[in-house]
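Below is one structure, written out as structure tokens, with a few remarks after it.
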Amino acid sequence: MTASMNARTTIQTFALAFTLALATVASAQAAPFKVVSQDLNPHQPIPKKFVFKGFGCTGENISPEIGWKHAPAGTKSFAVMVHDPDAPTGGAGFWHWVVINIPATATSLPEGAGDGKPDSGLPAGAVQIPDDYSIAGWGGPCPPTGDKPHRYVFTVYALKVAQLTPPTNATASLVGFLINQNALAKASLTARYGR
């Protein structure tokens, strides 16, 4: 009887340990796709060096570092889009940065990657689409003076295709449509800036 009870206890202990191990693996696999940044804090204004230089704004127009974690299985590339939904443009908002064809091996874009220079840190093969400043690169925040702080939504998309091939001179909105048509997942971080 004692041997039988010991065997049952051993089996129950093993079953519990096995169940906990499976739960741990499932939890790790189910971690949500997430955007992270060393340069942006949703509870603090966007630092001045990332602000546009022009239209009355006096920033340095440097793109912030943006990273991501836990991309879903099957991801073949990434895209990054930065949008100001509060811009007074008649409802369309304002596109500040669009990057496509970021390799699936990438986990971040370093600070300054949006300057368009070959040594900026943009991964090989990645392409910057003209934003609403008509710049193929980062165009920092520059909301109208006196507006409440605008929201700047940094969204990273995990795509099911290795490469997007938009038409020549495609707008940021058209490229956004193509990105969303091929998205496996997306995650966002929202930062604010006002003047």
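The values are calculated or read from the model by the stated rules, or taken from the named source; none is laboratory data. Predicted model, so just to flag it, every value in this text is computed and none were measured. As a convention, Cβ positions derive from the backbone with ideal geometry for all residues, glycine included, and neighbour counts pool all protein chains shown. Ligands, DNA and RNA are excluded from the accessible area calculation, which covers all protein heavy atoms including side chains. Shrake-Rupley method; radii C 1.70, N 1.55, O 1.52, S 1.80 Å.
Here are the numbers for the structure shown:
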read-out	value
When residues of segment 150-171 are limited to those that are under 16 Å from the mean Cα position of the chain (by Cα) and not β-branched (Val, Ile, Thr), the one farthest from residue 86 (Cα to Cα)	160
Subset of segment 164-184 that is touching a residue at least 12 places away in the same chain (Cβ under 8 Å) and of a type in the set (A, V, I, L, M) - its residue that is farthest from residue 96 (Cα to Cα)	184
Residue identified as more than 22 Å from residue 42 (Cα to Cα) and hydrophobic (A, V, I, L, M, F, W, C) among 71, 92, 113, 87	92
Selected residue [open to solvent by 40 Å² or more (accessible area, probe 1.4 Å) and in a strand (DSSP E or B)] from 68, 95	95
Single match in 166, 144, 123 (criterion: open to solvent by less than 60 Å² (accessible area, probe 1.4 Å), in a loop (DSSP other than H, G, I, E, B) and closer than 14 Å to residue 65 by Cα)	123
Any chance residue 188 is surrounded by fewer than 18 Cβ atoms within 10 Å (Cβ to Cβ) and part of a strand (DSSP E or B)	yes
Residue selected from segment 175-185 under the condition more than 12 Å from residue 81 (Cβ to Cβ) and not in a strand (DSSP E or B), by the criterion most open to solvent (accessible area, probe 1.4 Å)	181
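Conditions tested, residue by residue: (1) modelled with pLDDT of 95 or more; (2) farther than 15 Å from residue 185 by Cα.
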{"residue": "46", "(1), (2)": "yes, yes"}
{"residue": "69", "(1), (2)": "yes, no"}
{"residue": "78", "(1), (2)": "yes, no"}
{"residue": "82", "(1), (2)": "yes, yes"}
{"residue": "85", "(1), (2)": "yes, yes"}
{"residue": "90", "(1), (2)": "no, yes"}
{"residue": "96", "(1), (2)": "yes, yes"}
{"residue": "106", "(1), (2)": "yes, yes"}
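Here's the yes/no breakdown for (1) open to solvent by 10 Å² or more (accessible area, probe 1.4 Å); (2) in contact with a Leu (Cβ under 8 Å, 6 or more places away or on another chain); (3) in a loop (DSSP other than H, G, I, E, B):
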position	(1), (2), (3)
78	no, yes, no
83	yes, no, no
86	yes, no, yes
90	yes, no, yes
105	yes, no, yes
114	no, yes, no
137	no, no, yes
148	yes, no, yes
151	yes, no, no
